[in-house]
1. Of the conditions (1) of a type outside the set (Val, Ile, Thr); (2) touching a Gly at 6+ places or on another chain (Cβ under 7 Å); (3) surrounded by fewer than 12 Cβ atoms within 10 Å (Cβ to Cβ), MET137 fails just one. Which one is it?
2. Looking at the stretch 90-102, which of its residues are assigned to a helix (DSSP H, G or I), in contact (Cβ under 8 Å) with a residue 40 or more places away in the chain and open to solvent by 50 Å² or more (accessible area, probe 1.4 Å)?
3. Go through the stretch 62-89 and give me each residue that's among the aliphatic types (A, V, I, L, M), more than 13 Å from ALA140 (Cα to Cα) and surrounded by 18 or more Cβ atoms within 10 Å (Cβ to Cβ).
4. From LYS120, LYS108, which residue is assigned to a loop (DSSP other than H, G, I, E, B) and modelled with pLDDT of 85 or more?
5. Looking at the stretch 157-171, is at least one residue open to solvent by less than 80 Å² (accessible area, probe 1.4 Å), among the polar types (S, T, N, Q) and at pLDDT below 80?
6. Identify, by number, the condition in (1) more than 21 Å from the chain's Cα centre (by Cα); (2) open to solvent by 70 Å² or more (accessible area, probe 1.4 Å) that ASP186 doesn't meet.
7. Taking the condition out of contact with any Gly (no Cβ under 9 Å at 6 or more places or on another chain), under 24 Å from CYS20 (Cα atoms), open to solvent by 40 Å² or more (accessible area, probe 1.4 Å) and of a type in the set (A, V, I, L, M, F, W, C), does PHE116 pass?
8. Please work out which one of (1) open to solvent by 10 Å² or more (accessible area, probe 1.4 Å); (2) more than 23 Å from GLU30 (Cβ to Cβ); (3) part of a helix (DSSP H, G or I) is the condition ASN129 fails and give its number.
Amino acid sequence: KKQNNESKFEETLKLAKEYCEGGGTNKSKEKFCLFEKHYKHVGTAFNKDIRDGEEMREIVGKIEDGTFQKPVILLFANGDRLDRRDIDDSVPDLMNLGKKGIIFHELKSGTVLDIFTKGKGEGSEKMFNIMYFMMVMYRAWEESQSKSVRAKNGYNSKKRLALQKFDKGEKFILGGSLPKWIEKYDEKKSEFVLRPNQVKQLKYIFKRLI
């Protein structure tokens, strides 16, 4: 996944450090203590929602058993990482996590959703922040739906083309990319061109496993 790589992680960590020192998009300028050994990916919303992540379940569990003192500050680059379900499902769960003692800080905009702390962010400010997260998550859900439709249409189009080629006795590669041990597909010879060194390594691995 594009979002789940080392460079993206380092970029977000840099933003988080700046934010915790009262800089960047931190509107309140309040400082937080960021322990890097506890700073890691909580999850991504591509499969379903952030609650499905192992780390998120661990955080909630430690809040409930008292290991983590409430409130817990959750920093994330962008709100569309939180949840990609319809807002009828995502918003109630977001509010529930907030009631458990999690305060959400979006590094991109500096928007804070604090449902846990009584008397803080009441009235129009809290309502605005809730609406903001609803809008961001709804946009993420729409994007996820459109990507799903495009992916299905693309696959069906390739499948139809493959069947047409097959009916004509022609070969067609159905897929986005070739594995590393294949260099290319030779159209003239109608065969794959292999990478000898990679094939040798692959055979060695399989022999060791069998």
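The values are calculated or read from the model by the stated rules, or taken from the named source; none is laboratory data. Everything numeric here is computed off the predicted structure, so don't read it as measured data. FYI the Cβ positions are ideal-geometry reconstructions off the backbone, even for glycines, and counts take in every protein chain you see. For the accessible areas, the whole protein counts, side chains as well, though only heavy atoms, and no ligand, DNA or RNA atoms are used. Shrake-Rupley method; radii C 1.70, N 1.55, O 1.52, S 1.80 Å.
1. With respect to (1) of a type outside the set (Val, Ile, Thr); (2) touching a Gly at 6+ places or on another chain (Cβ under 7 Å); (3) surrounded by fewer than 12 Cβ atoms within 10 Å (Cβ to Cβ), MET137 is out only on (3).
2. To start, the set of residues in the stretch 90-102 that are assigned to a helix (DSSP H, G or I) comprises 90-99.
Adding the requirement that they be in contact (Cβ under 8 Å) with a residue 40 or more places away in the chain leaves 90-91, 93-94, 97.
Hits for the stretch 90-102: nothing passes.
3. Kept after step one, since they are among the aliphatic types (A, V, I, L, M), are these residues of the stretch 62-89: 63, 72-75, 77, 82, 87.
Going one step further and asking which of them are more than 13 Å from ALA140 (Cα to Cα), we end up with 63, 72-75, 77.
Of everything in the stretch 62-89, those that are among the aliphatic types (A, V, I, L, M), more than 13 Å from ALA140 (Cα to Cα) and surrounded by 18 or more Cβ atoms within 10 Å (Cβ to Cβ) turn out to be ILE63, LEU74, LEU75.
4. Values: LYS120 fails: modelled with pLDDT of 85 or more.
Just one listed residue meets the conditions, LYS108.
5. No, the conditions are met nowhere in the stretch 157-171.
6. All conditions pass for ASP186, except number (2).
7. Values: out of contact with any Gly (no Cβ under 9 Å at 6 or more places or on another chain): no; under 24 Å from CYS20 (Cα atoms): yes; open to solvent by 40 Å² or more (accessible area, probe 1.4 Å): yes; of a type in the set (A, V, I, L, M, F, W, C): yes.
No.
8. So the condition that ASN129 fails would be (2).
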